[in-house]
Amino acid sequence: MAANQGGRTRRRLSTEERREQLLTVGARLFSESPYDEVWIERVAEIAGVSRGLLYHYFPTKRDFFAAVVERESERMLRMTAAVPGIPVREQLGAGLDTFLEYVQAHAHGYRAFHRADAAGDQTVRRVYQRALAAQERQILAAVAADPEWSALSETRPDLRLAVRGWLAFTTAVCLEWLRGSDLTREQVRDLCARALLGVITP
């Protein structure tokens, strides 16, 4: 514990806590500005650490942004994980509710994640594309495990493309919603649910 000038003590952050703090600051800055306009020095300044310490955790700006994108990807995958044995129709609404709650609570991270596709850095874009592919596989696996739609995996060669399109649709809807749409979370949920059922129903 180190004392500050006011005589109060300040707890030293653990390695994981410091890393999380830096990623949170990065998510905010990357959500507000294009990749090329975010300066590592600004991240360090907001976090109250030296630039050298930030580079200790993330050797390059590319590594830092990739870590922001990966963190948000992991969060979204956890939020949207299907529950084995429960039909897609039954868990779709609840799953979208949880996801949209995450989008609201972590708006900076969500925006930063989707800015990655526009980043000029190909390494960062590959991280983003891998994350989208993981979401796509997760949805397709849930559909394949549901008796109502399991046969679609074999009879619908366009199913993967349909799911990919739905992910793009949902992203566009959520980003617009975060900009100040008049729609309630329930209305956004129902819109996205109808869209998914529409694209996977024969």
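Looking only at the range 173-183, which residues are open to solvent by 60 Å² or more (accessible area, probe 1.4 Å) and out of contact with any Leu (no Cβ under 8 Å at 6 or more places or on another chain)? Across the range 173-183, the qualifying residues are E176, R179, D182.
For the range 181-201, taking the residues that are part of a helix (DSSP H, G or I) and among the β-branched types (V, I, T), the one that is modelled with the highest pLDDT is identified as V188. Summed over the range 123-155, residues that are open to solvent by 40 Å² or more (accessible area, probe 1.4 Å) and assigned to a loop (DSSP other than H, G, I, E, B) total 4.
Filtered by the rule that a residue be open to solvent by 20 Å² or more (accessible area, probe 1.4 Å), hydroxyl-bearing (S, T, Y) and in a helix (DSSP H, G or I), the range 29-38 gives a lone residue, Y35. When D117, D158 are screened for being of a type in the set (D, E), within 18 Å of M76 (Cα to Cα) and either without any contact (Cβ under 8 Å) to a residue 40 or more places away in the chain or surrounded by 13 or more Cβ atoms within 10 Å (Cβ to Cβ) (or both), only D117 passes. Screening V163 with (1) open to solvent by 70 Å² or more (accessible area, probe 1.4 Å); (2) touching a residue at least 24 places away in the same chain (Cβ under 8 Å) gives one miss only, at (1). Considering only residues in the range 53-86 that are within 30 Å of A144 (Cβ to Cβ) and of a type in the set (V, I, T), the one that is modelled with the lowest pLDDT turns out to be T80. Scanning the range 12-26 for residues that are in a helix (DSSP H, G or I) and either of a type outside the set (A, V, I, L, M) or modelled with pLDDT under 90 (or both) returns T15, E16, E17, R18, R19, E20, Q21, T24, G26. For the range 45-60, taking the residues that are touching a residue at least 24 places away in the same chain (Cβ under 8 Å) and touching a helix residue (DSSP H, G or I) at 6+ places or on another chain (Cβ under 7 Å), the one that is most open to solvent (accessible area, probe 1.4 Å) is identified as Y57.
Screening G26 on (1) crowded, with 17+ Cβ neighbours inside 10 Å; (2) within 28 Å of G165 (Cα to Cα); (3) not aliphatic (A, V, I, L, M) shows it passes everything except condition (2). Might you let me know whether the range 153-171 holds any residue that is within 20 Å of C192 (Cα to Cα), touching a helix residue (DSSP H, G or I) at 6+ places or on another chain (Cβ under 9 Å), of a type outside the set (S, T, N, Q) and at pLDDT below 90? Looking through the range 153-171, none of the residues is within 20 Å of C192 (Cα to Cα), touching a helix residue (DSSP H, G or I) at 6+ places or on another chain (Cβ under 9 Å), of a type outside the set (S, T, N, Q) and at pLDDT below 90.
The residue pairs whose first member lies in the range 62-74 and is surrounded by fewer than 17 Cβ atoms within 10 Å (Cβ to Cβ), whose second member is at pLDDT below 90, and whose beta carbons are closer than 8 Å, counting only pairs six or more residues apart or on different chains, are R62/D121; R62/T123; R62/V124.
Among residues of the range 179-202 that are under 16 Å from V103 (Cβ atoms), those with a Cβ under 8 angstrom from a residue that is open to solvent by 60 Å² or more (accessible area, probe 1.4 Å) and of a type in the set (D, E), sequence gap 6+ or separate chain, pair up as R185/E101. Of all the listed residues (E45, E70, E90, E41), the sole one being within 21 Å of the chain's Cα centre (by Cα), in a helix (DSSP H, G or I) and either among the acidic types (D, E) or at positive phi (or both) is E70.
The values are calculated or read from the model by the stated rules, or taken from the named source; none is laboratory data. Just so you know, these numbers come straight off a predicted model, no measurement behind them. So basically every Cβ, Gly included, is an ideal-geometry build from the backbone, and we count neighbours across all protein chains shown. Ligands, DNA and RNA are excluded from the accessible area calculation, which covers all protein heavy atoms including side chains. Shrake-Rupley method; radii C 1.70, N 1.55, O 1.52, S 1.80 Å.
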